[in-house]
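> One structure follows; several queries about it will come next.
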Amino acid sequence: MSDLAERAQALLRERSATVAAAESLTGGLIGAALTDVPGASAVFRGAVVSYATEVKADVLGVSAALLEDHGAVHPDVALAMAEGVRELLTATYGLSVTGVAGPEPQDGRAVGTVFVGVAGPGGLRQVTELRLSGDREAIRRDTVDQALLLLCSSVAQTTPK
């Protein structure tokens, strides 16, 4: 069980808020981390594993032109994914990750390049670029931790109810 997932849930509960995740390279690991914590159903709405680029467009509403112009590994794609999953699953916050876990570069981006996005109330939109190292498993695991950290930071900026 992740201390970061517990912290994220506590912050969300304090604010009577919920989160939904849009995951690409992590393939569901964020959802798994959040649901490993008892009481997750009070704050976790669900997740979309949008591994394929067309799922980002067709399900999450990411602009096809954006994907065509920049590829799936781009900060604007991460923000669009966060906004899309937030709306789709009617959550207070949308959390997204898109990046390259390896073994090969993608969309002109090096292995370990990851973008984490958060969309939330009051027009909150944040994106963080990560440059991670290690093997595929380490990159995916570190992405989950960094995504949960950004979620905690974003939720903590919101005034509790």
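> For n ≥ 4 DSSP H runs only, could you compute -39500 (n - 2.57) per run for the chain, divide by its residues and tell me the 222 nm figure to the nearest 500?
It comes out at -12500 deg cm²/dmol, rounded to the nearest 500.
> When Lys and Arg each count +1 and Asp and Glu each count -1, what net charge do the other residues less than 15 Å away from Asp107, Cβ to Cβ, add up to?
Neighbour charge sum, excluding Asp107 itself: -4.
> Exposure proxy check: Thr35, Thr90 ranked by fewest other beta carbons within 10 Å?
Thr90, Thr35
> Among 139-149, 20-30, how do they line up by average Cβ neighbours within 10 Å per residue, starting with the highest?
20-30, 139-149
> Only sites in a loop by DSSP and with at most 16 other Cβ atoms within 10 Å count here; which chymotrypsin sites (Phe, Trp or Tyr not before Pro) in segment 1-104 make the cut?
Tyr51
> Return the label of the correct value of percent of Cα pairs over 26 Å apart, as calculated from the structure shown, out of (i) 19; (ii) 42; (iii) 26.
The listed entry that was calculated here is (i).
> Only Lys, Arg, Asp and Glu count, each charged at its Cβ (+1, +1, -1, -1), so figure out the dipole size of the chain about its Cα centre, rounded to 20 debye.
Around 540 debye, computed over the chain.
> Further, regarding this structure: Under a 5 Å amide H to amide H cut-off, with H placed in plane at 1.01 Å, what residues pair with Phe44 once short-range neighbours are removed?
Amide H neighbours of Phe44: Val19.
Coordinate-derived values only; no laboratory data. What you are looking at is a predicted structure, and each value in this text was computed from that prediction instead of being measured. Every residue, glycine as well, gets a Cβ built from its backbone with ideal geometry; the counts of neighbours run over all protein chains shown.
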